[in-house]
Amino acid sequence: MFTDANRTSLKSWEGEIVAYEPLTTAQIENLLARLQQRFPMATDFKAPPEPPLSFGQKFLGHHEYQPPSAEEISTYQSETYPTWVRACEAVFNKLHAAAQNERKDERFHFYALNSGSRPAKDALVTIRARGNFELIAPKENDDDKAPKAELPKSPQAPRGLWAPKGFAGLAALQRAALFGVSPVTTFDMGSMMADIHRVSNIQKRDPNAFYWKPRPPKLIPVTQFVYECQQWRHGTEPETFWGHIDFDLTDETISGAIECEIHAENLTTPAKLLVPVRLTIRKESVFALAERTIGDLS
């Protein structure tokens with residue numbers, strides 16, 4: 001059985017699919033200018049008014065302002081802030097792909113059941129694209145990360161600190177903690193042992209489960225992908241094989257077919273299901289989404 005993203009059973013896949021167009025260079029430049037206007041790079045590192053002190057701080061005596069070092073300021077202005085701007089530009093460049101991934105219009109499912117009287121030995125299930133489109137394999141785990149429609153937070157500018165006079169070293173330690181740098185390096189034995197445990201306990205293959213043959217490249221379009229199972233049990237729940245179609249944004253329509261073909265050593269005639277595909281592509285801009293991502297950034 002074949003279904004679309006809504007799990008509606010279909011004999012042919014027809015209708016409309018939304019395709020988000022990439023932002024133009026001019027649009028990205030406009031967005032970056034607005035982003036930097038809202039989150040400008042800090043240039044003033046003068047001492048602020050002395051903050052109110054607690055009783056303990058007053059006990060330590062007179063305080064003096066320890067400004068950020070010239071190196072900290074230089075790193076922020078020449079590396080940290082420009083790197084953030086480039087990271088935001090990368091998000092804008094891939095925003096159409098992130099929006100497309102969230103819609104899931106192009107997702108499909110094949111359901112297959114071994115309705116025979118015995119297990120299928122060395123079963124192979126091939127999902128194949130036939131037409132002006134390709135396939136993208138489903139995510140196997142959280143490591144297969146698709147682009148996200150969110151911007152990284154703007155970097156924090158280096159700040160000076162008030163410290164008891166003569167305690168410049170204390171101010172340095174406070175600043176290190178402020179920027180997430182620990183003055184003491186610790187050895188995480190628990191984390192190391194967990195890694196060793198994961199490596200030494202590589203899961204053995206379940207002979208009754210399906211596995212990739214081989215695993216397709218992550219998020220890369222292919223013409224087909226294949227699953228294999230050493231012993232596909234009969235009389236069990238249907239297996240689900242799914243993925244996404246990938247197409248050229250310059251096309252107006254998607255046409256062809258998606259085929260599911262099943263082979264097994266003890267299956268005399270391979271089982272096949274060919275589903276015609278006729279989809280109209282409706283193109284939309286992600287500029288409004290890009291503006292919202294700036295508005296959502298805090």
Margin query: I'm trying to understand the selection: among the residues of the stretch 201-250, which are acidic (D, E) and touching a Ser or Thr at 6+ places or on another chain (Cβ under 7 Å)?
Written below: none
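To keep it simple, each residue is scored yes or no on (1) touching a Ser or Thr at 6+ places or on another chain (Cβ under 6 Å); (2) among the hydroxyl-bearing types (S, T, Y); (3) surrounded by 15 or more Cβ atoms within 10 Å (Cβ to Cβ).
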| site | (1), (2), (3) |
| --- | --- |
| E252 | no, no, no |
| A257 | no, no, yes |
| E265 | no, no, no |
| P276 | yes, no, yes |
Checklist line | For H63: the one exception among (1) out of contact with any strand residue (DSSP E or B) (no Cβ under 7 Å at 6 or more places or on another chain); (2) at pLDDT below 80; (3) surrounded by 16 or more Cβ atoms within 10 Å (Cβ to Cβ) | finding: (1)
Check: Which one of L289, L279 is part of a helix (DSSP H, G or I), out of contact with any Lys or Arg (no Cβ under 7 Å at 6 or more places or on another chain) and either under 30 Å from Q27 (Cβ atoms) or of a type in the set (D, E) (or both)?
Finding: L289
Note to self: Of all residues being surrounded by fewer than 17 Cβ atoms within 10 Å (Cβ to Cβ) and in contact with a His (Cβ under 7 Å, 6 or more places away or on another chain) in the stretch 116-148, which is modelled with the highest pLDDT? Just the residue, please.
What the structure shows: R118
Next item on the list: Residue by residue through the stretch 100-139, note down the ones that are more than 27 Å from Q230 (Cα to Cα) and assigned to a loop (DSSP other than H, G, I, E, B).
Entry: K104, D105, E106, N132
Next item on the list: May I ask you to verify whether A97 is part of a helix (DSSP H, G or I), within 30 Å of E14 (Cα to Cα) and hydrophobic (A, V, I, L, M, F, W, C)?
Entry: yes
Check: Of the residues that make up the stretch 227-236, is at least one assigned to a strand (DSSP E or B), hydroxyl-bearing (S, T, Y) and more than 30 Å from S115 (Cβ to Cβ)?
Finding: no
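The values are calculated or read from the model by the stated rules, or taken from the named source; none is laboratory data. Everything numeric here is computed off the predicted structure, so don't read it as measured data. All Cβ positions, glycine included, derive from the backbone under ideal geometry; neighbour counts span all protein chains shown.
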